[in-house]
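One structure, as structure tokens, below. Some questions next.
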Amino acid sequence: MKLLIINPGGASTKIAVYEDEQEVFKASISHTAEDLKDYPHVFDQYAYRRGLIVNEVEKAGYRISEFDCFVGRGGLMRSIPGGTYTVNEQMIEDLKNAVAGEHASNLGAVIAKDLGDEYGKPSYVVDPVAVDEMMEKARISGIKDLERPSWFHALNQKAVARWVAKKYGKKYADMNMIVAHLGSGNSIVAHKNGLMVDGTGGRTNGAFSPERCGGLPTYPLIELCYSGKYTHEEMVHKISGLSGFYDYLGTKDAQEIEERISRGDEKARLVYDAYTYAVAKEICSLAAVFEGNVDCIVLTGGISHSSYVTDAVRQMTSFLAPVEVVAGEFEMTALALGALRVLRGEEESKVY
């Protein structure tokens, strides 16, 4: 089977062609601020991005009509359980109206459905950002106006969890795992019986990351917000893109920080060690979800390429369970495999 994978991001659109599980072509189409300046809303970019995708695919020697299905990166939609979803009109309407916010990934499902409808082929999204499988008791924050959110790297989280389960000779649904996605943002999640039942994400809670603050001391945060030092917009930007490593060290680049440490920079060492410590604490806290019966801990995401980080986290957490490192991100492969499971009848597509 031949699949076209479409993954729109803020500054690029990634595409890939898969023949069954094999990636045979990939490309990343860049979008500068100048390119996007005439599109005030994400949905306004639809025709522009679709045209670039078709052109890139045909330039590579493929005909759009030859694909068996089209798979888009799931965007910000209403909360749903994980799985592979057939793109329908309700999903398109919600993405178009940005019911959960505007993001370039909202276009993935729309372009996939448009191409699929044109050529009479199915279109899917797989484990979108909106996946929410949290236990109700995990949502309680302590203030009834505030609910703990499910804001995780669902696509990569579930992809590596399935891969590790297969390595262990088990089904994903039969394992207790703690998966830590470590990248520009973190998500550290308890996977129980095939569901992401609890966890933290670096924008709202949990460990800080290269550019996000994680959980903060509440009372001092209130004082800072009302201090007059920052506007509302500046605080939002600060916690989601200008905190973490960047706020302390002026860089979001983990490799640069490790180079500083190798040259004797003690401040860099302190911040980096605080990061691995915070990650390890979050992992260990989630052992309570399983009453300590954890089958394995999985480290994934771009920063998991660093042995400095993985060795430190392993040292602090391996008393709980074996630690597996699956470094990098596997979004395109995860999108392809999710569609293939449905096309092969291994699971049913879900209805949004």
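The values are calculated or read from the model by the stated rules, or taken from the named source; none is laboratory data. Note that the coordinates shown come from a computational prediction; the quantities given were computed from them, not determined experimentally. Counting neighbours? That spans all protein chains shown, and the Cβs are built from the backbone with ideal geometry, glycine included. Accessible surface areas use protein heavy atoms only, side chains included; no ligands, DNA or RNA. Shrake-Rupley method; radii C 1.70, N 1.55, O 1.52, S 1.80 Å.
Specify which of the listed residues (G108, G82, G169) is out of contact with any Ser or Thr (no Cβ under 6 Å at 6 or more places or on another chain), at positive phi and of a type outside the set (S, T, Y). Lay out the reasoning, then the answer.
Details: G108 fails: at positive phi; G82 fails: at positive phi.
From the options G108, G82, G169, the qualifying one is G169.
Among the numbered conditions (1) open to solvent by less than 10 Å² (accessible area, probe 1.4 Å); (2) more than 28 Å from R344 (Cα to Cα); (3) of a type outside the set (A, V, I, L, M); (4) assigned to a loop (DSSP other than H, G, I, E, B), tell me where D94 comes up short.
(4)
Hey, could you check the range 313-346 for residues that are over 16 Å from the mean Cα position of the chain (by Cα) and hydroxyl-bearing (S, T, Y) and say which is most open to solvent (accessible area, probe 1.4 Å)?
In this case the residue turns out to be S318.
Here's a follow-up. Examine the range 281-291 for a residue that is without any contact (Cβ under 8 Å) to a residue 12 or more places away in the chain, open to solvent by 10 Å² or more (accessible area, probe 1.4 Å), of a type in the set (D, E, K, R) and closer than 28 Å to I261 by Cβ, and state whether such a residue exists. Show your work before the answer.
Looking only at the range 281-291, we keep the residues that are without any contact (Cβ under 8 Å) to a residue 12 or more places away in the chain, and these are 285, 288, 291.
From the residues that got through so far, the ones that are open to solvent by 10 Å² or more (accessible area, probe 1.4 Å) too are 285, 288, 291.
Narrowing further to those that are of a type in the set (D, E, K, R): 291.
When the remaining residues are screened for being closer than 28 Å to I261 by Cβ, the result is none.
Among the residues of the range 281-291, not one is without any contact (Cβ under 8 Å) to a residue 12 or more places away in the chain, open to solvent by 10 Å² or more (accessible area, probe 1.4 Å), of a type in the set (D, E, K, R) and closer than 28 Å to I261 by Cβ, which makes the answer no.
Could you list, in sequence order, all residues of the range 292-306 that are open to solvent by less than 20 Å² (accessible area, probe 1.4 Å) and within 22 Å of N176 (Cβ to Cβ)?
V294, C296, I297, V298, L299, T300, G301, S304
In the range 221-280, how many residues are on the phi > 0 side of the Ramachandran plot and surrounded by fewer than 18 Cβ atoms within 10 Å (Cβ to Cβ)? Walk me through how you get there before you give the answer.
Step one: list which residues in the range 221-280 are on the phi > 0 side of the Ramachandran plot, which gives 228, 244, 250, 264.
With surrounded by fewer than 18 Cβ atoms within 10 Å (Cβ to Cβ) added as a condition, the list becomes 228, 250, 264.
Total meeting the criteria: 3.
Among what's in the range 63-84 and is outside any loop (DSSP other than H, G, I, E, B) and in contact with an Asp or Glu (Cβ under 9 Å, 6 or more places away or on another chain), pick the residue that is most open to solvent (accessible area, probe 1.4 Å). Please lay out each step first, then the result.
Of all residues in the range 63-84, those outside any loop (DSSP other than H, G, I, E, B) come to 64-66, 69-72, 80, 84.
Next, from what is left, pick out any that are in contact with an Asp or Glu (Cβ under 9 Å, 6 or more places away or on another chain): 64-65, 70, 80, 84.
Details: I64: 5, S65: 54, F70: 0, I80: 15, T84: 1 Å².
The selected residue is S65.
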